[in-house]
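Here is the structure we will look at, set down as structure tokens.
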Amino acid sequence: MSSKVDTNKFIPRFVSHHFSNADQEFESCKLGMWLFLLTEFMLFGGIFVAYVVFRTWYPETFESGAEKLDWKMGAVNTVILITSSVTMAVAIREVQLNRKGRALALLLFTVLCGMGFLVVKYFEYNHKFELGIFPGDFFSFMGDHMSNEHLYFSIYFMATATHVLHVILGLLAILWVSWRTAKGEFYEAYYTPVEMVGLYWHLVDLIWIFLFPLLYLTK
Amino acid sequence: MSDHHGPESDHHPHVLPMTMYIAVGTALFVLTALTVWTAKFMPEMIFHFTKMQVTPTIAIIIALIIAFTKAALVCGFFMHLHYDKPLNRATFLSGIFFLSLFFLFTLADTLTRDDKVYLREGMPESFKTLTEIPHKPHMVKAMAGYCHHGVKTDDKVHPCHYCTTGHEDFKESDTTVEATPEAKAAE
């Protein structure tokens, strides 16, 4: 069997039988991924709509709630996520250039960044819980606050927890493609899973780009 | 893999220059610093020099402009939409379109509700003198027998617009206060 790829380094990939060529396979996967990302837009869209509705009704509540968040922690997390987005994008480029070692290193660095995000989030949540800041009926904060401030924190916890869930799933997906990259399954002619996981990870970054200023910086 | 009997994959990636990733990454970091600065430090500076306050509305507009710019950079370059097939771009834009419908129709309702409806019945005299009750119920203490939107709490069939679950959920102990002497006199 003659192969176009260096079989010592990579495992050659064959086009699935229901596609006529490799480009069609790649583009179909990409379109499917975009359709999935649209459902994610709608999921977070609901949370953002709730935010806008209640913010327009009770602006003072939202200002008072935002004051109780630590914007420095939010800013650190923003920098961490953007860094991870850059390394993820460059990792795909390295796979496209057949540089397996570099791609793997960048993917694992992306995972490290994502874990850093989760650690910062853990300290933030922990601090809130110690103060009795819980969503909805469980809100038992004793300091200065508006009478309906549980509303702000319901939205805060709903939005950030849904986002954290996406970070965790994204990390698992990146670990999965890292494993397959290490085995040599991805190279210039086939890297679809890395590209799709990359799109997902950028979505996670995209959501945070809006959550950070809206939740932390509006006061 | 080879039992699919398809041809060997011969996809040719469109490799983008490294300078693009560095430029977009740098722009994202700069915009993050900018949004923090405009929200946390700029208002004080403006107040120091011009004695003008940056209102929350203006602050949100600035924050959103920066956020949308960052989002456009991520979608366009990291998610490759700028270089992609028109079909993927159209898919993305259709999502944005339906998302804006979601916002538009929800806000068309919630921003245009007629506050005067709450002034119709059962409003204690002391409430009528306040000009901004129903929109900011959290700023007004409710009185015995009324929910904090000024609607009679014994009316369980027709909850007011804000008490969405109906008045049976109303916890009297949470929000009621002693009726003021003036209100008692009015009754």
Can you check what the net charge comes to around residue B:107, using other residues whose Cβ is under 13 Å from the Cβ of residue B:107 (Lys, Arg +1; Asp, Glu -1)? +1
Give the long-range amide H neighbours of residue A:14: residues separated by 5 or more places, or on another chain, with amide H under 5 Å away, using H modelled in the peptide plane at 1.01 Å from N. B:9
Can you flag which of A:4/A:100; A:128/B:40; A:9/B:85; A:30/B:70 are past 24 Å Cα-Cα? A:9/B:85
Based on the alpha carbon coordinates of the stretch A:22-216, what radius of gyration and maximum Cα-Cα distance (Dmax) apply, in Å? 19.1, 61
Can you tell me which of A:64, A:178, A:16 moves the most in a GNM of chain A? Springs connect C-alpha atoms under 10 Å apart. A:16
When B:75, A:29, A:113 are arranged by how many other beta-carbons sit within 10 Å of their Cβ, fewest first, they go A:29, B:75, A:113
Under a Cβ-Cβ cut-off of 11 Å, what is the net charge of the residues other than residue A:128 that fall near it, where Lys and Arg count +1 and Asp and Glu count -1? -1
Estimated inter-spin distance, residue A:161 and residue B:44, nm [label 7 Å along Cα→Cβ]: 3.5 nm
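Largest first and in whole Å, what are the equivalent-ellipsoid semi-axes of the stretch B:15-79 based on the Cα gyration tensor, each being the root of 5 times an eigenvalue?
With the √(5λ) rule applied to the stretch B:15-79, the semi-axes are 31, 12, 6 Å.
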The relative contact order of the stretch B:15-79, taking Cα pairs under 8 Å that sit 6 or more residues apart, comes to a percentage of 45 percent
Helix check for chain A. Which DSSP H runs span at least 27 Å along their own axis by Cα, with a mean Kyte-Doolittle hydropathy no less than 0.5? A:22-57, A:71-96, A:100-130, A:149-183, A:192-216
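Laboratory data are not the source of any read-out in this text; all were calculated from the coordinates shown. Note that the coordinates shown come from a computational prediction; the quantities given were computed from them, not determined experimentally. Methodologically, a virtual Cβ is constructed for each residue, glycine included, from the backbone with ideal geometry; neighbour enumeration extends over all protein chains shown.
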